[in-house]
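Notes for the one structure printed next.
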Amino acid sequence: MSVLEMNRELSLDEVVEKHPEVPRLIAVKIDVQRRGVHYTDGALSRLDKELHQIRGATLFGSRDAKLTPLPESLILRDGTTVLTDPTPVEQNPYVVDFIDGKLVITDQGTIIEEAEYWPKPDFYGKKTVSGKPMEFVVTARPQRLQLMPSSYCHFWKNDHGCKYCDIVNHAKHQKSELGIPAKLKPAEASEVIKEALKQPGRFSSICLTAGSDTRGVEPFDEEVEYYVELLQVIGENFKTKKFPSQLIATAFNEKQLEKLYRETGLMGYTADIEVLNEHLFNWICPGKAEWIGYQEWKKRLIRAVDIFGPGNINTGIVAGVELAKPHGFSSESDALEATMEEAEDLATKGVSTIFMVWIPRPQSCFHDQKNASLEYYVSLAKGLHGLRKKYSLNIDFDDYRRCGNHPDGDLTRIL
């Protein structure tokens, strides 16, 4: 019987021993994302707000459902970026502590790894001309500038938002407590980008990601027009027409994609299908199913390859939601096999699949569910990485340097 079929989950050390081709630090990253973290008072005493990055605006909420100004996240010894959530102790997270002069990740009192907080970018703490904190307009990862142009998703208008997602509820929370706007003004976004680029060598790309907007003469026309306006004013900060940029958005039709490519400096495009199974897609992502549909979503990704070029088109999945109850796969082995089969179908047509570790968020429909085992995520990372090797696909805009949210992408460093 496969371990993926057994009731007992393998420990971190057991998974690392079973999968020696996956670096231990990548397995640590996955498990820290999977379980979340809790910061001790000792760990927080090492947080220097002049040196370290504090949580700014976010598209999704955390597992503690709070907006406490805690560390943005962690970096491991190999430079691996970990995106993780503050998590209540009763949910059995890893514990970040300060022991013997080092910031460490611990599990049940045992030191697992050393870590460090993210360095604060120079533009954090500054304000726009209108007086808005710049970190509420543009956020930063260690090597990437992140814009969330709109934190409202129109799929929620008839309660057809994705069941794992809390984007709208979290947006309301941020607006009421922090005054973060639901939609960015293009000129203000460009102002912050200009300031951020004054820090030499810090950033290598810009990423835009937001909720879907169904409005327009054709569905999503208004969303596309907004992105075009944003990208054009951001592009004024660069000397070349094209600049290192990625848009994570809805699966647009061919005319809309051509407009984005032709009229802006955009180089990379991602349309997250979320789950690679049509039946589960219809259940988990009813808005996407209603407005576009699973098969059409795939077709639009494939058409995008011809427009943006091979290696510039990805789709993302929220790995583990395919096991959600009551309609998900009953075994991890079946889920892995089905997911890999669909991912390979896309890979043969030039579309790469990346995954995020599913976080059951308290303000989502799936708040009471449990994500997959560590071995499942390690196996999926190996599988998706293997497809990119097999079909000569790259994921430059979602690799370990620029993004840091995709464990399978971290494996590109060992090619």
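The values are calculated or read from the model by the stated rules, or taken from the named source; none is laboratory data. Note that this is a predicted model, so its numbers are computed, not measured. Please note: Cβ atoms are built from the backbone with ideal geometry, for glycine as well, and neighbour counts cover all protein chains shown.
Which one is nearest to the chain's Cα centre (by Cα) among residues in the range 300-337 that are among the charged types (D, E, K, R) and crowded, with 16+ Cβ neighbours inside 10 Å?
The selected residue is GLU322.
If we only count helices (runs of 4 or more DSSP H) wholly inside the range 1-95, which ones have 1 or more residues that are among the basic types (Lys, Arg), closer than 17 Å to PRO142 by Cβ and in contact (Cβ under 8 Å) with a residue 12 or more places away in the chain?
Correct list: 24-35.
Among the hydrophobic types (A, V, I, L, M, F, W, C), under 19 Å from VAL318 (Cα atoms) and within 20 Å of the chain's Cα centre (by Cα) - does that describe any residue in the range 202-209?
yes
Does the range 331-346 include one or more residues that are closer than 27 Å to THR87 by Cβ, among the polar types (S, T, N, Q), outside any helix (DSSP H, G or I) and in contact with a His (Cβ under 9 Å, 6 or more places away or on another chain)? It would help to see each step written out before you state the result.
We begin by selecting, within the range 331-346, every residue closer than 27 Å to THR87 by Cβ; these are 331-332, 335-336, 339.
Imposing the further condition that a residue be among the polar types (S, T, N, Q) reduces the set to 331, 339.
Right, trim to outside any helix (DSSP H, G or I) and you get 331.
The next check asks that each one be in contact with a His (Cβ under 9 Å, 6 or more places away or on another chain); those that pass are none.
Scanning the range 331-346 turns up no residue that is closer than 27 Å to THR87 by Cβ, among the polar types (S, T, N, Q), outside any helix (DSSP H, G or I) and in contact with a His (Cβ under 9 Å, 6 or more places away or on another chain).
For LYS382, are the conditions met, namely being in contact with a Leu (Cβ under 8 Å, 6 or more places away or on another chain) and without any contact (Cβ under 8 Å) to a residue 40 or more places away in the chain?
No; evaluated as a whole, the condition is false for this residue.
Which numbered condition in (1) in contact with a Lys or Arg (Cβ under 8 Å, 6 or more places away or on another chain); (2) over 30 Å from LYS120 (Cα atoms); (3) at pLDDT below 95 is the only one that SER2 fails?
In the conditions (1) in contact with a Lys or Arg (Cβ under 8 Å, 6 or more places away or on another chain); (2) over 30 Å from LYS120 (Cα atoms); (3) at pLDDT below 95, SER2 misses (1) alone.
When you scan the range 43-62, how many residues do you find that are at pLDDT 90 or above and either over 22 Å from MET134 (Cα atoms) or small (Gly, Ala, Ser) (or both)? Don't jump to the end; show me each part of the working.
So the first thing to find is which residues in the range 43-62 are at pLDDT 90 or above, and the list is 43-54.
After this cut, where a residue has to be either over 22 Å from MET134 (Cα atoms) or small (Gly, Ala, Ser) (or both) as well, the list is 43-46.
Total meeting the criteria: 4.
Tell me, please, whether a residue that is in contact with a helix residue (DSSP H, G or I) (Cβ under 6 Å, 6 or more places away or on another chain), within 19 Å of PHE308 (Cβ to Cβ) and touching a residue at least 60 places away in the same chain (Cβ under 8 Å) can be found in the range 247-266.
Taking every residue of the range 247-266 in turn, none turns out to be in contact with a helix residue (DSSP H, G or I) (Cβ under 6 Å, 6 or more places away or on another chain), within 19 Å of PHE308 (Cβ to Cβ) and touching a residue at least 60 places away in the same chain (Cβ under 8 Å).
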